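Comments concern the structure below.
None of the figures in this text is laboratory data; all of them are computed from the coordinates on show. Keep in mind it's a predicted model, so treat the numbers as computed, not measured. When we count neighbours, we look across all protein chains shown, and the Cβ atoms used for this are built from the backbone with ideal geometry, even at glycine.
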Amino acid sequence: MLIQIKPAKAAVPVRKPNGEYLKANGEKVERSSFWVRRLNDGDVIEVKTTANKAKAGA
C-alpha cells in the first residue's frame, strides 16, 4: 500500500532506505516498517490527499 508522506520539519531532511533524501514537498512511498517507525518517531507526517478523502466518502 502506498502512502503520501513528507518531512515533519522542512529544515530537517529525512533519508529514505536507499540513502536518498525524501522530497521536502512529500512523495508516495510503500508503507513499510521503516516508514511506520519514522511516522511514530515524528520524523515524517502522512499527507491526506483529496483523492483519499473522496474514496472514504464514497
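Taking the criterion of being surrounded by 10 or more Cβ atoms within 10 Å (Cβ to Cβ), of a type outside the set (Val, Ile, Thr) and in contact with a Ser or Thr (Cβ under 9 Å, 6 or more places away or on another chain), would at least one residue in segment 29-39 satisfy it?
Taking every residue of segment 29-39 in turn, none turns out to be surrounded by 10 or more Cβ atoms within 10 Å (Cβ to Cβ), of a type outside the set (Val, Ile, Thr) and in contact with a Ser or Thr (Cβ under 9 Å, 6 or more places away or on another chain).
If you check every pair at least six apart or on different chains, which have Cβ atoms under 6 Å apart with a residue in segment 1-17 that is closer than 14 Å to Asn40 by Cα first and a residue that is of a type outside the set (A, V, I, L, M) and surrounded by fewer than 13 Cβ atoms within 10 Å (Cβ to Cβ) second?
Once the first residue is closer than 14 Å to Asn40 by Cα and sits in segment 1-17, its partners that are of a type outside the set (A, V, I, L, M) and surrounded by fewer than 13 Cβ atoms within 10 Å (Cβ to Cβ) give Ala8/Gly42.
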